[in-house]
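What follows is a short report on a single structure.
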Amino acid sequence: MSSRRDFISSSALSIAAVALMPLAACSQDTTSASITGTAAKPAPKPFSGTLLKRAIPSSGEQIPVIGMGTSGSFEVGDDAASRDPLREVLKRFVAAGATVIDTAPTYGTAEPVLGALIAEAGVRDKLFLATKLSGVTGHNEGLKQFNQSLNDLKTDKVELLQVHNLGDTETQLALARELKQQGKTKYVGLTHYVESAQDELADLMQKLKPDFVQINYSPIARGAEKRIFPLAQDLGIAVMINRAFADGKLFAQVKGKPVPDWAKEVGADSWAQLFLKYAISPPAVTVVIPATSKPDNQTDNLKGGVGALLDDKQRATLVAALS
Ligand SMILES: NC(=O)c1ccc[n+]([C@@H]2O[C@H](COP(=O)([O-])OP(=O)(O)OC[C@H]3O[C@@H](n4cnc5c(N)ncnc54)[C@H](OP(=O)(O)O)[C@@H]3O)[C@@H](O)[C@H]2O)c1
């Protein structure tokens with residue numbers, strides 16, 4: 001986990017003048033409002049509306065722009081105090097029409113926890129499950145790990161199988177393609193989570209042409225705009241965004257600051273919604289996968305996938321506000 005904290009911010013813009021405009025007196029932070037009983041803030045209004053969708057270029061299949069991650073958030077034990085909020089996180093996700101859930105066999109207990117909750121809710125057929133070949137070397141090790149993932153997720157196939165962090169990339173991607181041929185995954189992909197890996201990832205996109213890439217992108221980590229987004233559009237590769245909140249660091253940066261008044265123009269009433277709208281505004285982006293363990297934060301995040309996205313001026317204003 002410590003390497004995931006290896007955060008690289010993009011260079012700061014010096015647009016001080018357009019930083020934060022005051023403020024809608026609306027709730028900008030729902031982190032503490034949850035069914036766990038720690039709530040100090042009122043619960044958000046329920047999700048309403050229709051999630052935006054984008055097409056996966058290699059197939060034309062449309063998927064909702066808001067998905068969810070499971071790193072950290074689903075790495076829990078089997079006690080009710082941990083599982084009950086996650087049950088509600090999943091319920092709200094499915095009720096809103098969201099589908100894409102990203103996980104990995106190396107996210108602690110995330111796969112068995114997710115698999116159990118999906119089975120209990122009976123919602124497997126409503127989901128687009130993305131897992132990974134992670135930290136393995138060679139065909140046999142990869143296959144063994146994938147079969148364990150299927151077992152833990154209580155399914156006989158996934159929608160997306162990704163090679164995690166460019167480890168043993170060519171062998172693992174070949175395995176993923178073999179599994180695609182067998183109908184065990186619909187799509188194959190490559191992932192990373194730091195900007196320093198994006199040049200290598202871009203080269204591999206050109207060479208290997210996966211269906212998906214998954215990379216980090218946020219107002220303070222904009223490196224993907226350089227090569228990944230243009231290449232994805234040229235080559236017809238779907239883009240999944242991780243760390244849209246920079247692993248939660250963005251919330252620390254705006255702590256105590258009101259949501260800017262212009263957020264209303266795009267129907268947003270929280271920082272989370274602005275960050276997610278930022279992540280999905282580039283046309284190259286297909287889906288973003290924010291992670292949360294809190295039902296009210298899930299509702300908040302889902303709202304980021306409804307209505308208008310950010311224009312260039314709004315995007316620059318948000319970047320400036322965080323610099
Ligand atoms: N190499 C890779 O392939 C790779 C690497 C990193 C991540 N990922 C994937 O991407 C997913 C997302 O990345 P991430 O987990 O690093 O971080 P993230 O989504 O950027 O941030 C998660 C953090 O944001 C908080 N949060 C979520 N919604 C919020 C809201 N509405 N208001 C306030 N706080 C909120 C969460 O806390 P609460 O639980 O308290 O809400 C958590 O601390 C991962 O779960 C994983 O599936 C993949």
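Read the figures in this text as sums done on the coordinates, not as results from a lab. Please read all numbers here as calculations on a predicted model, not as lab measurements. Backbone-built Cβ (ideal geometry, glycine too); neighbour counts: all protein chains shown.
Observations on the model:
- Gain on full stretching of the segment that runs from D311 to K154 - 0.36 nm per residue minus C-alpha separation: 52.4 nm
- Peptides 70-77, 204-211 ordered by average Cβ neighbours within 10 Å, highest first: 70-77, 204-211
- For segment 49-208, the antiparallel share of DSSP beta bridges with both residues in that region comes to about 20%.
- Burial ranking of peptide ranges 146-154, 252-260 (average Cβ count within 10 Å, highest at the top): 146-154, 252-260
- Charge dipole (Cα centre; +1 on Lys/Arg Cβ, -1 on Asp/Glu Cβ; no other charges) of the chain amounts to roughly 500 debye.
- Max mean-square fluctuation residue, GNM over the chain, Cα-Cα springs under 10 Å, options Q172, Q145, Q182: Q182
- Ratio Rg/Rh [Cα only; Rh per Kirkwood] for segment 52-321: 0.95
- The slack between S59 and A119, meaning 0.36 nm per residue of separation minus the straight C-alpha distance, is 18.9 nm.
- The antiparallel fraction among DSSP beta bridges confined to segment 52-321 stands at about 15%.
- Checking the Cα-Cα distances for K126/K294; K255/K294; K91/K313; K91/K277; K91/K154 against a 26 Å cut-off, the pairs over it are K91/K313.
- Partner aspartates and glutamates whose Cα lies under 20 Å from the Cα of K186, excluding those fewer than 8 positions away in the same chain, are identified as E61, D102, E111, D125, D152, D156, E159, E170, E178, D211.
- Under the criterion of Cα pairs below 8 Å and six or more residues apart, the relative contact order for the chain equals 27 percent.
- According to the Kirkwood relation over distinct C-alpha pairs, the hydrodynamic radius of segment 179-292 is 15.1 Å.
- In the chain, the DSSP-assigned H stretches of four residues or longer account for a calculated mean residue ellipticity at 222 nm of -10000 deg cm²/dmol, using -39500 (n - 2.57) per stretch and the full residue count as denominator.
- Annotation for segment 304-319 versus segment 147-209: alpha-carbon center distance of 30 Å.
- Per-pair calculated FRET efficiency, R0 = 51 Å: E75 and K209 via Cβ, rounded to 0.05: 0.95
- Among A232, A119, A43: highest mean-square fluctuation, GNM of the chain, C-alpha pairs under 10 Å: A119
- Its alpha carbons give segment 68-168 an Rg and a Dmax of 13.2, 40 Å.
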